[in-house]
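Comments concern the structure below.
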Amino acid sequence: MAETKKGVFATLNAINVNDHTEVKDNGTDKLTYLSWVWAWQQVKTKYPDVSYEVKHWDGKPFLYEEALGYMVETSVTIQGETMTMWLPVMDSKNKAMKAQPYSYKTRYGEKWVNAATMFDVNTTIMRCLVKNLAMFGLGLYIYAGEDLPQEEKEQQANAMQAMIDEACAAMRAVKSREELEACWKKYSKVVPSGEGSDFMNAIKEVAQKFPKPQ
């Protein structure tokens, strides 16, 4: 039976991006950022027709509201489907940056937010692009707080279950106390072996046939 060709989302959502991320600790949260260069390279390689657009307001690549701060917006098109994403320009504490520096109060005292620069705007645009690509699947699990793509998690779970089945079958096939102990040493560190686990239940079954010498 021929393998069904994956769609865009399924293809990109299955990619493990962990080796291409950077984690920044702002003191209260740990934020994970995916390299925009690598992200774009992955998508462009798989879908050469991909394109993106940065929205402009009066010729500027940002929207500014004095009371709220700056906002940027990108659109990505892959195989005829376009999705849009937006992102505010923020400092390392996730505070909105404005045209002028301003302060805010915390229980630790007064804190300041620097005025935004074009560097901050450019950085936010590229982060917005990465978030936009995530809407097509690439690195989406990062935004969900997960550590691996769902498909890879399922593969790992299936591999572990296969190992558990192998360990239980091996345990039930032993023919002596010595083989029981050897089987325990071989598998107890690679499969769950706590109380109530499949492997422990198999051991209890076999142990009745080969009790420990007094």
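The values are calculated or read from the model by the stated rules, or taken from the named source; none is laboratory data. Please read all numbers here as calculations on a predicted model, not as lab measurements. Heads up, the Cβs are rebuilt from the backbone with ideal geometry, glycines too, and the neighbour counts pull from every protein chain shown.
Listed values, structure above:
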quantity	calculated
Considering residues of the stretch 87-125 that are over 17 Å from Tyr33 (Cβ atoms) and aromatic (Phe, Trp, Tyr) only, the residue modelled with the highest pLDDT	Tyr102
Of all residues in the stretch 144-187 being surrounded by 13 or more Cβ atoms within 10 Å (Cβ to Cβ) and under 30 Å from Tyr47 (Cα atoms), the one that is modelled with the highest pLDDT	Gln155
For Pro48: the one exception among (1) over 23 Å from Phe119 (Cα atoms); (2) at pLDDT 95 or above; (3) outside any loop (DSSP other than H, G, I, E, B)	(3)
Test: residue in the stretch 107-114 that is more than 27 Å from Gly7 (Cβ to Cβ), exposed (fewer than 15 other Cβ atoms within 10 Å of the Cβ) and in contact with a Phe, Trp or Tyr (Cβ under 6 Å, 6 or more places away or on another chain)	yes
Glu3 being out of contact with any helix residue (DSSP H, G or I) (no Cβ under 7 Å at 6 or more places or on another chain), surrounded by fewer than 15 Cβ atoms within 10 Å (Cβ to Cβ) and either at pLDDT 85 or above or in a helix (DSSP H, G or I) (or both)	no
Pairs, first closer than 14 Å to Val121 by Cβ in the stretch 56-67, second of a type in the set (A, V, I, L, M) and at pLDDT 95 or above, C-beta under 6 Å, six or more apart	Trp57/Leu63; Pro61/Val54; Phe62/Val72; Phe62/Val121; Leu63/Met71
Residues of the stretch 53-73 satisfying the condition of being under 30 Å from Tyr104 (Cα atoms) and either assigned to a strand (DSSP E or B) or of a type in the set (Phe, Trp, Tyr) (or both)	Trp57, Lys60, Phe62, Leu63, Tyr64, Glu65, Gly69, Tyr70, Met71, Val72, Glu73
Condition check for Val190: assigned to a loop (DSSP other than H, G, I, E, B) and surrounded by fewer than 16 Cβ atoms within 10 Å (Cβ to Cβ)	yes
Subset of the stretch 95-138 [closer than 21 Å to Met83 by Cβ and in a loop (DSSP other than H, G, I, E, B)]	Met135, Phe136, Gly137, Leu138
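For every residue, the table says whether it meets (1) out of contact with any strand residue (DSSP E or B) (no Cβ under 8 Å at 6 or more places or on another chain); (2) closer than 16 Å to Val89 by Cα.
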{"position": "Asp19", "(1), (2)": "yes, no"}
{"position": "Val23", "(1), (2)": "no, no"}
{"position": "Ser35", "(1), (2)": "no, no"}
{"position": "Ala39", "(1), (2)": "yes, no"}
{"position": "Thr45", "(1), (2)": "yes, no"}
{"position": "Ser51", "(1), (2)": "no, no"}
{"position": "Val54", "(1), (2)": "no, yes"}
{"position": "Tyr70", "(1), (2)": "no, yes"}
